[in-house]
Amino acid sequence: MSPIRCTHPCAATRREAGLLPIGAAMLALCLALGAQAVEPSLVYTVQRGDKLIVLSREMLVRPDAWAEVARLNALPDPDVIRPGQTLNIPLRLLKYAPVSGRVVSVQGSVQQGSATAVVGSTVGEGARLQTGADSSAVIEMSDGSRIQLLPASLAEVIASREYVLRDTNASGTTRWFSGIIRLSQGAVETLASKLGLRATPLQIQTPTTTVGVRGTRFRVAQENGASPSARAEVLEGQVRADNTAQQSGADLPKGTGAVIDPARKEVKVVPLLPAPDLGADTLNLTNLEARTWAMPTLAGAAAFRVQVASDSQFNRIVHDQVVTASTADLSSFTSGVWYLRARGIDAARIEGFDAQRQLVLADSLLVTDSLLSFIGGETWMNWSRTLSDGKAVQAESYSAEIATDPDMMHMIRQSKSLAGPFNFGEMRPGRYFIRVAAKGPTLARSKTYRFEIPVDWGTTAIDVPSALKGVGP
């Protein structure tokens, strides 16, 4: 198998740091180093019986390119090559074949060229995809890497190709993938495959930067305002970010990010903010509570990015917003199960690690009337209800939780009902708190109400009309 050759001085340092794979298929991370980089190339190991002119006919775009290969490799006699000898062959001289990826996820309004993007459509060189607001798409390149276009993004596949070298394996050839995505606006999140061979690092290009990676997870965003700049954030592995305007750059290891400003030479690498604390494993909110969902606190965060998706992998993002206030409005979704993730944004606009939780949204259930009755030594509650928008509740069953505190932390009783009254069993005199939920076609939950059982319950007092009282706003 033939490796990529990199002779840039940075290569030795990175080998010592363990950042490059070791062996015959060693890849050259410094291919994305801008003006200082050596020419991208593959290394071919000469086999018994090889002739340079024959190899040129098989592997090079022009048979006469063998002369340039001989010159670049300083061969004393271009007609003499020996088994085991290595030849450095520039990619520009190698034959290649275009290969296509595919669209694997579409959410909302996504255009592929002039058509609507659909799952399964091919994505090759020249393909152009654009996501609308609160829309997203995921494309899978032919090497297995996945690139997610976040809402309001525009990207184009500049390169998706395979270079072929003769080899001694079963097929007689080895294929090396090269992929480049140009991001004109918005943001992408990339999971670069750790499998397969790459002729160049998978690259994300913006008008101001080039990010080259392999086997890692990272984000790239392009901001096209008065001062256009790009940013990169590395969640796994390591990337190289280059300022193409300033011919400068920096390595970004896991847990770091940088803003690449075309007007500034320095690429300052900073640690990412940690994931914010979103509390419980599942966020249970009514649509009224979701209107003012309290943002977490996080040291160093000037704002938060909040995203909601219909799947736990966040391939189908339906909502994306930057929140600078103390609360966020999450009430625009239908009741049901969603997934929420949030990350802090520092003063330089670099976004940190994600916190993710399941989000269960329920309609707001209002108890419009209630009656407690003492029947056969037990407490029963007849009640009527509606949704907060005045619509009737469509439910298969109802449940009630009773606690001794308004935060519903000290539960003492649970009761279920198909449609009629609740049976609370034996209840002692005192103050209690209750929350009611509907399950079925309508997923709804009430706010917390309070009620009191009188001291003479079951003797002189056997009914309490309008028993449930609101707690708080």
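Derivation of every value follows stated rules applied to the coordinates shown; laboratory data play no part. On a predicted model such as this, the values are computed, not experimentally measured, just so you know. Here the Cβ positions follow ideal geometry from the backbone for every residue, glycine too, while neighbour counts run over all protein chains shown.
Assign unit charges at the C-beta atoms only (+1 for Lys and Arg, -1 for Asp and Glu), then state the dipole size of the range 98-271 relative to its Cα centre in Debye, rounded to the nearest 20.
280 debye
Using Cα pairs under 8 angstrom and six or more residues apart, how large is the relative contact order of the range 362-470, in percent?
Result for the range 362-470 is 32 percent.
Enumerate the calculated ³J(HN,Hα) couplings along the range 114-119 in order (Karplus 6.51 cos²θ - 1.76 cosθ + 1.60, θ = phi - 60°), each rounded to whole Hz, writing x wherever the residue is Gly or Pro.
9, 10, 7, 5, 10, 5
Find out how many positive minus negative residues lie around PRO465, taking Lys and Arg as positive, Asp and Glu as negative, among other residues whose Cβ is under 13 Å from that of PRO465.
Overall, the nearby charge balance is -2.
Give me, ordered by chain and number, the residues 5 or more places off HIS319 or on other chains with an amide H under 5 Å from its own placed amide H.
Amide H neighbours of HIS319, under 5 Å, 5+ apart: VAL308.
If you average 1/r across every pair of different Cα atoms in the range 98-271 and take the reciprocal, what Kirkwood value do you get, in Å?
For the range 98-271, the Kirkwood estimate is 16.4 Å.
Would you be so kind as to identify which of ILE89, VAL269, TRP457 lies farthest towards the positive end of the dipole of the chain, taking Lys and Arg as +1 and Asp and Glu as -1 on Cβ and the Cα centre as origin?
ILE89
Using a 10 Å cut-off around each Cβ, can you sort VAL164, VAL308 from fewest to most neighbouring Cβ atoms?
VAL164, VAL308
Roughly speaking, what % of Cα-Cα pairs in the range 238-360 are separated by over 24 Å, rounded to a whole number?
36 percent
Using unit Cβ charges (K, R positive; D, E negative) and no other charged atoms, how large, in debye to the nearest 20, is the dipole of the range 362-470 about its Cα centre?
240 debye
Which label marks the calculated value of Rg and Dmax of the Cα atoms in Å, given the options [x] 30.1, 103; [y] 20.5, 66; [z] 31.2, 115?
So the calculated entry is the one marked [z].
With contacts defined as alpha carbon pairs under 8 Å and 6 or more residues apart, what's the relative contact order of the range 98-271 in percent?
Relative contact order comes out at 14 percent.
Quick check on the chain: helices-only [θ] at 222 nm, where DSSP H runs of length 4 and up contribute -39,500 (n - 2.57) each and the sum goes over total residues. Nearest 500, please.
Rounded to the nearest 500, it is -1500 deg cm²/dmol.
Binning every alpha carbon pair distance of the range 362-470 at 10 Å from zero, what are the percents per bin?
15, 49, 30, 6, 0
Below 8 Å, C-alpha to C-alpha, sequence gap of six or more: please give me the relative contact order for the chain in percent.
Averaging sequence separation for qualifying contacts and normalising by length gives 9 percent for the chain.
Each residue of the range 228-234 in order: what ³J(HN,Hα) in whole Hz does its phi give by Karplus 6.51 cos²θ - 1.76 cosθ + 1.60, θ = phi - 60°, with x for Gly and Pro?
3J(HN,Hα) across the range 228-234, in whole Hz: x, 8, 10, 9, 9, 9, 9.
Fewest to most neighbouring Cβ within 10 Å: what's the order for MET408, MET141, MET427?
Neighbour counts put them in this order, fewest first: MET408, MET427, MET141.
How big is the charge dipole of the chain about its Cα centre, in debye rounded to the nearest 20, if each Lys and Arg gets +1 on its Cβ and each Asp and Glu gets -1 on its Cβ?
The calculation lands at about 1160 debye.
Across the range 243-260, in residue order, what do the Karplus-derived ³J(HN,Hα) couplings come to in whole Hz, using 6.51 cos²θ - 1.76 cosθ + 1.60 with θ = phi - 60° and x for Gly and Pro?
8, 5, 6, 9, 6, 10, x, 7, 7, 10, x, 3, x, 10, x, 7, 9, 9
In a shell of Cβ-Cβ distance under 11 Å around THR442, excluding THR442 itself, what net charge do Lys and Arg (+1) and Asp and Glu (-1) give?
Residues near THR442 contribute +2 overall.
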